[in-house]
Amino acid sequence: MNNGFFTSQDLSSFTTPMARLNQCGLCGLNKKCSNPKMKATGDFEKKIMLITGTPGKSEDEHGVHFIGKFGMYVRKTLKQLNVDIEKDCLSTSAIMCEPPTFALKNEKTAQMCFPSLLKLINEKKPNTIITFGSIATKMIIRHVWKADVGSLQRWTGYAIPNQKPNV
């Protein structure tokens with residue numbers, strides 16, 4: 001069995017109460033979008049979880065992840081790798097509601113949704129998690145990494161085995 005990138009000492013922040021308490025809805029975004037607390041989509045046959053920062057306008061209107069311009073690019077790229085986003089993946093976002101302004105796409109808002117995201121990860125037990133953007137990446141890494149997560153560029157291109165939740 002391979003050891004993960006994070007050690008048991010790195011996991012200490014995972015036990016903080018804020019990482020476990022469901023605060024979803026406290027930001028108020030659920031009152032300003034078409035699909036509040038948007039559900040994950042996909043059949044998850046290959047146990048690949050895709051996490052973006054937030055749903056975009058198209059995703060919010062239709063209740064389906066990865067259907068906007070960026071989503072079409074992701075779908076095309078995955079198809080070239082023989083991965084069907086609807087059949088093989090489970091798609092979600094770090095912030096579960098579409099923010100009406102770019103200013104609300106931030107880590108503080110994502111932190112309120114994080115317990116719901118962590119619950120989904122623990123229930124589904126993905127083999128692979130692919131994050132898109134700094135918010136999604138930081139939310140996934142932050143709960144097990146003691147040091148400052150830093151910029152997205154620090155993590156771009158790395159495959160990071162993680163003992164908890166074993167992905």
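Values in this text are rule-based calculations from the coordinates and carry no lab data. As the structure is a prediction and not an experimental result, all values here were calculated from the model. Reconstructed Cβ throughout: ideal geometry from the backbone, glycine too, with neighbour counts over all protein chains shown.
Before moving on, here are some points about what is shown:
- Protection proxy ranking, peptides 62-70, 23-31, average beta carbon neighbours within 10 Å, highest first: 62-70, 23-31
- Size of the range 21-167 as Cα extents on the principal axes (Å, biggest first): 37, 36, 29
- Those aspartates and glutamates that a straight Cα-Cα span of less than 17 Å connects to LYS125, excepting residues fewer than 8 apart in one chain: ASP43, GLU45, ASP88
- With θ taken as phi - 60° and the Karplus curve 6.51 cos²θ - 1.76 cosθ + 1.60 applied, the whole-hertz 3J(HN,Hα) list for the range 80-90 is 5, 9, 6, 10, 8, 4, 7, 8, 9, 10, 10 Hz, x standing for glycine and proline.
- Highest to lowest packing among 114-121, 79-86, 147-154, 49-56, scored as the average C-beta count within 10 Å: 49-56, 114-121, 79-86, 147-154
- Sequence-distant lysines (8 or more away, or on other chains) whose Cα lies within less than 16 Å of LYS76: LYS87
- Nonlocal amide H pairs with ILE130, under 5 Å, H built at 1.01 Å: MET49, LEU50, ILE51
- Only beta bridges with both residues in the range 10-154 are counted; by DSSP, about 10 percent of them are antiparallel.
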